[in-house]
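Here the structure comes first, spelled out in structure tokens, and everything after it is commentary.
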Amino acid sequence: MTYVSAEQALSCIQSGMRVFLHGSAATPIHLIKHLIAQKEKYKNVELVSISQKGVDLNDHSLKGHFYINSLFVSEANRESVNSGMGDYVPVFLSEIPLLFKRNFLPLDVAIIHVSPPDKHGYCSLGTSVDVARAAVQCSKYVIAQVNPKMPRTHGDAFVPFSRFDAAVWVEDELPEVSYANGKDAIHEKIGKEVASLVEDGATLQLGIGTIPDSVLRNLGHLKNLGLHTEMCSDGVIPLIKNGIINNSAKRKMNGYSVTSFLMGTRALYDFVDDNPGVKVLDVSYVNDPRIICLNNKVTAINSAVEIDITGQVCSDSIGTYQYSGIGGQMDFIRGAALSDGGKPIIALPSVTHKGESRIVSFLKQGAGVVTTRGHIHWVVTEYGKVNLFGMNMEQRAKALIKIAHPMHRENLEKEWVKRFA
């Protein structure tokens with residue numbers, strides 16, 4: 001197969017088709033922008049994806065031409081999902097491949113972003129294997145954006161060049177995110193509180209953002225840590241290089257750092273390029289609670305929008321406004337809870353940027369519960385940490401009020417009196 005232009009590659013797409021878009025740092029920006037530029041050719045093309053970077057699917061001029069059916073909402077499609085131009089599918093990240101494989105969402109076309117073929121004719125899905133592997137397996141047509149700046153990652157990433165129905169050569173930089181840039185005193189305090197719960201030999205899962213990055217900066221005194229996480233960013237690099245993360249205590253994939261996708265800076269992409277010590281695997285494996293719990297001391301660190309005083313955690317919406325998605329939080333909360341010595345952790349600042357309490361008497365009307373009060377264990381803010389496991393409703397409320405922001409504790413105590421006294 002020879003390389004063709006973007007217009008030629010996209011010519012197989014017709015109105016009414018369902019098209020998968022590769023995500024995160026592997027977002028095929030060049031092809032998506034060409035697809036959008038040709039919008040007048042299409043009617044009701046359904047675009048399915050998880051997080052996107054470097055593209056804008058919120059433009060109201062896309063309405064009628066494209067329908068944004070998001071599996072995890074991000075800045076790239078947040079307005080379209082909340083404005084009638086699209087919608088959101090609530091689903092565990094671990095089960096998204098089943099949507100494709102069992103034809104709940106049969107795919108006509110997959111647009112992916114890969115490394116150039118090696119001497120054996122295999123390209124790599126690079127920074128994002130996650131749900132993309134299943135999409136490639138299940139789509140009728142596969143269009144590849146081939147980029148020498150995409151790292152060649154190991155694991156489940158390899159796809160034969162012969163699988164592609166069309167390939168477009170680009171030499172573009174990948175989207176980058178530095179979570180270290182967002183650090184502040186509050187996130188540093190939370191990071192230290194969470195880090196105090198991590199033990200030698202623990203297997204780490206970290207969500208996205210500045211809190212997980214802060215946690216990683218506070219683990220330098222530990223030894224024999226493992227990494228089995230749905231995503232990772234630059235913060236893991238020094239820990240792996242210094243041998244703190246060596247994966248020697250893991251029972252699954254012993255000796256290897258395991259992730260499903262990577263999102264960070266060029267330093268991370270260069271670190272994982274052709275690195276046999278890092279396995280980028282299908283999310284149906286990485287996020288399977290039955291696999292996760294086989295490792296000892298799984299310490300799962302995730303965040304939330306708000307949590308009520310009984311332990312219900314909202315992580316994907318602000319009231320009815322869909323902000324993100326279920327993602328892998330529950331996959332790892334449950335997997336960690338079932339792990340020998342595991343610690344499921346929800347870490348969040350005590351207040352929003354507007355000063356509103358994140359620990360609330362009741363979740364906002366329409367808010368989605370991602371982690372239930374039956375699954376919650378550790379909750380951490382900059383004011384401390386509590387383990388709600390085994391506590392009744394009244395005890396939970398008292399414990400959570402103690403780690404709420406001081407300016408909100410009086411109101412929360414009044415609500416506690418109304419409910420429990």
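Nothing in this text is a laboratory measurement; each read-out follows from the coordinates by a stated rule. Please read these numbers as outputs of a predicted model, since none were measured by experiment. Note: ideal-geometry Cβ built from the backbone for every residue, glycine included; neighbour counts use all protein chains shown.
Peptides 192-198, 402-408 ranked from most to least packed give 192-198, 402-408, packing being the mean of other C-beta atoms within 10 angstrom over each peptide's residues.
Highest first, please rank the peptides 130-137, 308-315 by the mean number of other Cβ atoms sitting within 10 Å of their residues.
130-137, 308-315
Around the amide H of GLY328, modelled in the peptide plane, lie the amide H atoms of LEU93, all under 5 Å away and 5 or more residues distant in sequence or on another chain. The residue list VAL142, VAL109, GLN322 was ranked by how far each Cα lies along the charge dipole of the chain toward its positive end, using unit charges on Cβ atoms, and GLN322 comes out on top.
A value for semi-axes √(5λ) of the Cα gyration tensor in Å was derived from the coordinates, and within the list [x] 30, 23, 22; [y] 37, 26, 17; [z] 33, 29, 19 it appears as [y]. The stretch 85-162 and the stretch 291-369 have their alpha-carbon centroids 28 Å apart. Would you mind getting me the FRET efficiency between GLU173 and LYS241? Use the beta-carbon distance for r and R0 = 25 Å, nearest 0.05. Once rounded, the FRET efficiency stands at 0.60.
Were the residues from GLU188 through GLN137 laid out at 0.36 nm apart, the gain over their Cα-Cα distance would be 14.2 nm. One chain, two ends: ASP59 and GLU410. Fully extended at 0.36 nm per residue, the span grows by 122.0 nm beyond their Cα-Cα distance. Taking Cα centre as origin and charging only the Cβ of basic (Lys, Arg, +1) and acidic (Asp, Glu, -1) residues, the dipole magnitude of the stretch 180-420 rounds to 580 debye. For the chain, a crude dipole built from +1 on the beta carbon of Lys and Arg and -1 on the beta carbon of Asp and Glu, taken about the Cα centre, is about 900 debye to the nearest 20. Were the residues from LYS119 through ASP200 laid out at 0.36 nm apart, the gain over their Cα-Cα distance would be 25.1 nm. When peptides 337-346, 166-175 are ranked by their average number of other Cβ atoms within 10 Å per residue, the highest-first order is 337-346, 166-175. With both labels modelled 7 Å from their Cα along Cα-to-Cβ, the ARG217 to ASP340 distance reads 3.5 nm. For the set LYS33/LYS119; LYS189/LYS385; LYS297/LYS385, the pairs lying more than 22 angstrom apart at their alpha carbons are LYS33/LYS119.
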